[in-house]
Amino acid sequence: MNEIPLVEGVEHRWVPARGLRFHVAEAGSGDDAVLMLHGWPQHWYEWRHLMPALAASGRRALAMDLRGFGWSDAPRDGYEKENLVDDVLAVLDELGLERVKLVGHDWGGWVGFLLCLRAPERFERFMPLNIPHPWVRMRNALPHAGRLLYQQLIVAPWIGYLAHRRRHFVRLALRSGGADASFWEEATLATFADKLAEPARARAAVQMYRTFNLHELRPILRGRYADQRLTVPTRMLFGTDDAAIHTDLLAGWQKHADEMEVELVPDCGHFIADQRPDLVAERALAFL
């Protein structure tokens, strides 16, 4: 097992929930708790810049590794996104946290939206980063379908698994997120690529996308969440140079959210928490 990277002031625990062990990184203390959920191909270390900033402001910062990622258990199944919602709620229950503030990027942002729709009483505020909302319109998505070809590689039998195992694919995905990739350090790329090279986690990454493409995408585009309303105050940050997600996919949220704002960040790609950590921290401290 790869060693957990060190971040000053961050401690680690494993929380038993739903028959699995989930890894949670934690910094700071107090009743003002902020939960952070990572995306692919990352884990809790995505929040290495934001956690100390939140802790220094008097908040309790918690970064959870989703099922199959980081140092959480990686079963062979259960990667439906609504099931990941169940995981997060169960971990919050085990931690005794009735209500938290929420930050999520990529898949963590998508799960964050679903959490706020399912259990709005558990979340005081929500800050999604570079992820579409659940009310994506098919007419807005189809013109940009070519941006998601990497997902077809991931879900292809054996190809996606072997790509993760050989590490280069994850490094390439991180560097290809859009805008200038010079902010990446080799040690950081290795931290993410090496963890997903483990057999169980390579399988988990494939299952994350396979369940989405085979079972979830079509119902979403047909309006799976059309009748659900977002009542949690929400502030989205979105790097406009995202290579995978076009800003067209953000249209239409006004009809489904009581209180939501979208801030477009120019000259920034998909991995906004890594590329613009100071901006993300500034916005998070102000909004949360």
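The values are calculated or read from the model by the stated rules, or taken from the named source; none is laboratory data. Computed from a prediction, not measured in an experiment: that's the story for all the values here. Positions of Cβ are backbone-derived with ideal geometry, glycine not excepted, and every protein chain shown enters the neighbour counts. Accessible surface is based on the protein model in full, side chains and every heavy atom, while ligands, DNA and RNA are left aside. Shrake-Rupley method; radii C 1.70, N 1.55, O 1.52, S 1.80 Å.
Listed by chain and number, the aspartates and glutamates placed with their C-alpha closer than 13 angstrom to that of Lys81 are Asp106, Glu216; residues fewer than eight positions away on the same chain are left out. In the stretch 167-288, one over the average inverse separation of all distinct C-alpha pairs is 16.8 Å, which is the Kirkwood hydrodynamic radius. Per residue, the chain exposes 42 Å² of accessible surface when a 1.4 Å probe is rolled over the protein heavy atoms with every protein chain present. Each semi-axis of the equivalent ellipsoid for the stretch 1-147 is √(5λ) with λ an eigenvalue of the Cα gyration tensor; in descending order they amount to 24, 17, 16 Å.
Could you state the number of Å between the C-alpha centres of the stretch 85-110 and the stretch 137-172? If you average the Cα positions of each part, the centres end up 26 Å apart. Which percent of the accessible area of the chain is formed by carbon and sulfur heavy atoms (probe 1.4 angstrom)? Ligands and nucleic acids excluded, carbon and sulfur give 49 percent. Surface calculation, 1.4 Å probe, protein heavy atoms: Met127 sits at approximately 0 Å² accessible. The order of the peptides 107-113, 93-99 by mean Cβ neighbours within 10 Å, most packed first, is 107-113, 93-99.
What's the local net charge at Gly70, with K and R +1, D and E -1, over the other residues with C-beta under 11 Å away?
Neighbour charge sum, excluding Gly70 itself: -1.
Here volume of the Cα convex hull per residue in Å³ was computed from the coordinates, and among (1) 174; (2) 138; (3) 116 the match is (3). Per-residue SASA remark: Asp227, around 150 Å² accessible (1.4 Å probe; ligands, DNA and RNA not included). The value for the stretch 101-154 of Rg(Cα) / (2.2 N^0.38 Å) is 1.32.
Using a probe of 1.4 Å on the protein chains alone, the accessible area found for His215 is around 130 Å².
Taking a ≥ b ≥ c as the square roots of the Cα gyration tensor eigenvalues, the stretch 177-246 comes out oblate, since a/c reaches at least 1.5 and a/b does not exceed b/c.
Screening the chain for whole DSSP H helices with an alpha carbon extent of at least 20 angstrom along the helix axis and a mean Kyte-Doolittle hydropathy of at least -0.5 yields 81-95.
Please label the shape of the stretch 121-179 as rounded, prolate or oblate, based on the square roots a ≥ b ≥ c of the eigenvalues of the alpha-carbon gyration tensor (a/c under 1.5 means rounded; beyond that, a/b larger than b/c means prolate, else oblate). The shape class here is prolate.
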